[in-house]
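Presented below is the structure to which this report refers.
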Amino acid sequence: MIEIFTLAFLMLISVTSVIAAFKAIIEKDMVRAIVYSAIQSAMYALIFYVLMAPDIVLVYIPVSVGITPAILLFVTKKTERRDGD
Amino acid sequence: MKKSEICVIISIVIFIFSLAYITSLGGLGYLPPVDVRKLAQIYLASTYNPYQPTNTSSGYESVTAIIWDFRGLDTFFETAVFYGAIIASVAIYRGVEISSKKKSIGMSPIAKTVTRLSLILIPIVAASIAFHGHLTPGGGFQAGSVATVVIVLSIMVFGLRRLVQKGVTKPKILLLRSLGLIGIGLTAIGLVLAGLVIGVNAYIFQNQAKAMAEISYPMWIDDVLFGGSLLFFNIFEFVAVMAGFTLVLMLFSIEEEEVKKVIK
């Protein structure tokens, strides 16, 4: 029973991460794309936690939700916010 | 969302799940066994083994033991590569000064007050991850990246100039970074140096006493599991990673006009 619940939860967060990744790719506004990418990374962190890799979770959350979006935001500020066609 | 986008997402999901199903059935090649493998058994048996003092890594946490004891040299060179990358960014931004004379603007008082609370809480979490790295999941790199979140927050909420006015300057961070790496190097050859002084044989990256080298870092201090060299490695890696990320973030957040004055 617990296994079925775990699998369903894994499926839910992996589908959410696919949707977030897709939105991040097609989004024209860079800041929104960065937020979508952070959502996708948060979902990955949840998957790592469910798959019993707490060491990876501890480094994945600050790097992918904190530092990478921050660096990308700095870069976006120095270039253009909207993606040209 | 448009209909075509929904179709694309659904087809991606179906593709991924069918690929996963085929892989789980063994359609893409040999599947490794599910039970605990021989190598993992060796690691688990020698991570904490007080009955065999020459075959133990003195910490409860296998991941930290593998990273800093069984494969310590590997992690040392990873840290060195990371150090080289940071040095390269510093070299690109050479001559760029962070002016602390102008007043920093920052965000609203509400954001500043909330951030002041997290400025105390996040370093405590980071320190607990670093100091308990050999007991619970965590370690130096994890703690360093958690601590860097504080720097991200303060640069975004208070402004970079405020940080510089408080004394977080580029030379100081660079010094901290170098101290972290020197600490890791000294911990690696610490027992060799001690062995030379007292005339005993020892290996580099040695943690506990071995058959031909009967010298070791402390495993227990009083009744606290000290973790031997693992604790030192975790603390120095914490300092090195935190200072490295901080340096890159500080360089990235300098205004474009200031950078363009120097780099043309």
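With viscosity set to 1.567 mPa s at 4 °C, what whole-number translational diffusion coefficient in µm²/s follows for the stretch B:81-124 from Stokes-Einstein and a Kirkwood radius over Cα pairs?
For these conditions, the coefficient is 93 µm²/s.
Trypsin sites (Lys or Arg not before Pro), restricted to chain A: which are DSSP loop and have at most 14 other Cβ atoms within 10 Å?
When the trypsin sites (Lys or Arg not before Pro) of chain A are filtered for loop state and at most 14 Cβ neighbours within 10 Å, A:LYS28, A:ARG81 remain.
Helix-only estimate, please: 222 nm mean residue ellipticity of the protein assembly as shown, summing -39500 (n - 2.57) across DSSP H runs of length 4 or more and dividing by its residues, to the nearest 500.
-22000 deg cm²/dmol
Set the Förster distance to 30 Å, then compute FRET efficiency between B:VAL224 and B:VAL81 from the Cβ-Cβ distance, nearest 0.05.
0.35
Could you pull out which residues in the stretch B:8-26 have an amide N less than 16 Å from a spot 7 Å beyond the Cα of A:VAL50, following the Cα-Cβ vector?
B:13-14, B:16-18, B:20-21
Quick one: Karplus J couplings for the stretch B:126-142, per residue in order, coefficients 6.51, -1.76, 1.60, θ = phi - 60°, nearest Hz, x for Gly and Pro?
Each residue of the stretch B:126-142 in turn: 4, 5, 5, 5, 6, 6, 9, x, 8, 10, 10, x, x, x, x, 5, 4 Hz.
Taking each residue in B:182-192, count the Cβ atoms of any other chain within 10 Å of its Cβ, then average. What number comes out?
That works out to 0 on average.
Provide A:PHE22, B:PHE238, B:PHE17 in ascending order of the number of other Cβ atoms located within 10 Å of each residue's Cβ, fewest first.
Ascending Cβ contact count within 10 Å gives the list B:PHE17, A:PHE22, B:PHE238.
Going toward the positive end of the dipole of chain A, with +1 on Lys and Arg Cβ and -1 on Asp and Glu Cβ, which of A:ILE71, A:ALA21, A:ALA38 do you reach last?
A:ILE71
In debye to the nearest 20, how big a dipole does the stretch B:66-155 give about its Cα centre with +1 on each Lys and Arg Cβ and -1 on each Asp and Glu Cβ?
Dipole about the Cα centre, nearest 20: 640 debye.
When the Cα centres of the stretch A:4-58 and the stretch B:199-240 are compared, how far apart do they sit, in Å?
39 Å
Pop the C-beta distance of A:LEU72 and B:ILE182 into the FRET formula with R0 = 25 Å and round what comes out to the nearest 0.05.
Here the calculated transfer efficiency is 0.20.
Using r as the Cβ-Cβ distance of B:ARG94 and A:GLU80, and R0 as 25 Å, what FRET efficiency do you calculate, to the nearest 0.05?
E between B:ARG94 and A:GLU80, to the nearest 0.05, is 0.40.
What ranking of A:ASP83, A:ASP55 emerges when the number of other C-beta atoms within 10 Å of each C-beta is taken as an exposure proxy, fewest first?
By the 10 Å Cβ count, ascending: A:ASP83, A:ASP55.
Any idea what % of Cα-Cα pairs in the stretch A:2-78 are farther than 18 Å?
That fraction is 46 percent.
Using θ = phi - 60° and the Karplus curve 6.51 cos²θ - 1.76 cosθ + 1.60, what whole-Hz ³J(HN,Hα) does each residue of the stretch B:233-247 get, with Gly and Pro shown as x?
4, 4, 5, 5, 5, 4, 4, 5, 5, 4, 5, x, 4, 4, 4
Which value, in debye to the nearest 20, gives the size of the charge dipole of chain A about its Cα centre, when Lys and Arg are +1 and Asp and Glu are -1 at the Cβ?
320 debye
Let's test this: bin the Cα-Cα distances of the protein assembly as shown at 10 Å from zero up to the farthest pair and state each bin's percent.
5, 19, 26, 24, 18, 8, 1, 0
Per residue of the stretch B:2-13, in order, report the coupling 6.51 cos²θ - 1.76 cosθ + 1.60 (Karplus, θ = phi - 60°) as ³J(HN,Hα) in whole Hz, putting x for Gly and Pro.
Residue by residue, the stretch B:2-13 yields 6, 5, 5, 5, 4, 4, 4, 4, 4, 5, 4, 4 Hz.
Taking the stretch B:63-262 on its own, what percent of its Cα-Cα pair distances exceed 20 Å?
Here the long-distance tail beyond 20 Å is 62 percent of all Cα pairs in the stretch B:63-262.
How many partner chain Cβ atoms sit within 10 Å of a residue's Cβ in peptide B:139-148, on average, as a whole number?
So the per-residue partner count for this stretch is 4.
Determine the relative contact order of the stretch A:2-78: mean sequence separation of Cα pairs under 8 Å and six or more apart, normalised by residue count, in whole percent.
29 percent
Alpha carbon centre of the stretch B:1-35 versus the stretch B:241-260: separation in Å?
Answer, in whole Å: 41.
Within a 10 angstrom radius of each residue's Cβ in B:238-245, how many Cβ atoms of other chains show up on average? Whole number is fine.
1
Bear in mind these aren't lab numbers, they're just calculated from the coordinates by the rules spelled out. Since the model is a prediction, treat every value here as computed from it, not as a measurement. When we count neighbours, we look across all protein chains shown, and the Cβ atoms used for this are built from the backbone with ideal geometry, even at glycine.
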